[in-house]
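This report refers to the structure that appears directly beneath it.
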Amino acid sequence: MRVRAGAALALAVALLASAVPGAGAATPQTSVSEISSEVMCPVCGTLLELAESPQAQREKAFVARLVAAGKSKGEIKDALVDEYGTEVLALPQGSGFDLSAYLVPIVAFAVAIVALAFAVLRWRRAGEPPDGGSVAAAGPSPEDAERLEADLARYDL
Amino acid sequence: MLAVFGLLTFGLLSKGSSGVGLGEAAPTSPLPRLEGGGDGSLADYRGRWVLVNFWASWCVPCREEAPLLQSFQRRHGDADFTVLGVDSRDLSDDGRSFVRRYGLSYPQLRDGDGAAAHDYGTTGVPENFLVDPRGRVRLLVRGPVTAEYLDDSVAPLLPGGKS
């Protein structure tokens, strides 16, 4: 009786395992085309997706095997770096000298913003009178006012 | 602006110049062994003549050259001479399969990122450098060697002028 129960349990587990998707075979997490657009063909010096050399074909086959094995994009890139070094990566890494590829544009943009802000401030200050008062409030000087009065007196309005 | 210029200059300088000519010292940077683990270097063979052969499993001329090198190694490999293979820009499993397929018995190093090939100034594979016991390049062949070249140009330089 126990033997029959055990056999039934084993059969149930086997059926359940076969019914679960991906239980027997790895489910791809990425694709060859996605990886190929982000890594280089080291011999050709171009993106892997654009390369057709014998070395590129081997590299694509290597990527295809890892994709079929269910490896993630990060795991596949790590495996490629183990084989070919960091230059296989099309995008610069976020460390060492490669970090400058990300930092330089940010720093250049920040410097440009600061320079633009200073330029606008200087431009606005150049339009103001030297003593800081408004042009309308200044009025004519006493000499001008006296001459104006004299001129007006000559006219019989 | 200065910072950008400085970074670009640093990047260019860090790439460095490359290449080795006749009579010059051959680079001896350590490389991983293709099989067996650990590192190896040309420096391990100082005092011997070494034919450094850059190859890759995907390289068609290398398939024709490998049996010739193995035959030469079988006839001349001893305490005074060895062929030293350098598997360059190749998948390690493919490289090991290549070694087994052609029955190569001489030592093999792995140059996955092509750094050693860059140091030697190779323009492709295969390329061959005969290095004398003092570590100087005596012969340089950009392309596959032939049996005639090995017998007529390499063998006479080996101790006793073996051919």
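Taking Cα atoms only, the orientation of helix B:2-15 departs from the longest principal axis of chain B by about 0 degrees.
Counting only other chains, and only Cβ atoms inside 10 Å, what mean value do you get across the residues of B:81-94? If you can, show how the numbers build up before the last one.
Values: counts 0, 0, 0, 0, 0, 0, 0, 2, 10, 7, 9, 2, 4, 6.
That average works out to 3.
Derived from the Cα gyration tensor, the three semi-axes of the equivalent ellipsoid of the stretch B:36-96 are 21, 16, 9 Å, largest first.
Scanning chain B for trypsin sites (Lys or Arg not before Pro) that sit in a DSSP loop and have at most 16 other Cβ atoms within 10 Å, the longest stretch containing none of them is B:47-133.
Axis angle, to the nearest 10 degrees, between helix B:60-76 and the longest C-alpha principal axis of chain B: 50 degrees. Axis angle, to the nearest 10 degrees, between helix B:92-101 and the longest C-alpha principal axis of chain B: 10 degrees.
Can you give the convex hull volume of the alpha carbon atoms of chain B per residue, in Å³? Walk me through the numbers on the way to the answer.
On the way: hull volume 20.1 nm³, N = 163.
Dividing the Cα hull volume of chain B by its residue count gives 123 Å³.
If r is the Cβ-Cβ distance from B:HIS118 to B:ASP78 and R0 is 41 Å, what FRET efficiency results, to the nearest 0.05? Before the final figure, lay out each step's value.
Details: r = 31 Å, r/R0 = 0.76.
The value I calculate is 0.85.
For chain B, with a Gaussian network of springs between Cα atoms less than 10 Å apart, report the residue from B:GLY121, B:GLY40, B:GLY103 with the top mean-square fluctuation. Ranking B:GLY121, B:GLY40, B:GLY103 by mean-square fluctuation puts B:GLY103 first. The slack between A:ARG122 and A:ALA153, meaning 0.36 nm per residue of separation minus the straight C-alpha distance, is 6.6 nm. Placing +1 on the Cβ of every Lys and Arg and -1 on the Cβ of every Asp and Glu, with nothing else charged, gives the stretch B:24-163 a dipole about its Cα centre of roughly 280 debye.
Where a number appears in this text, it was derived from the coordinates with a stated rule and is not lab data. Bear in mind that the values here come from a model prediction, so they are computed numbers and not experimental data. Reconstructed Cβ throughout: ideal geometry from the backbone, glycine too, with neighbour counts over all protein chains shown.
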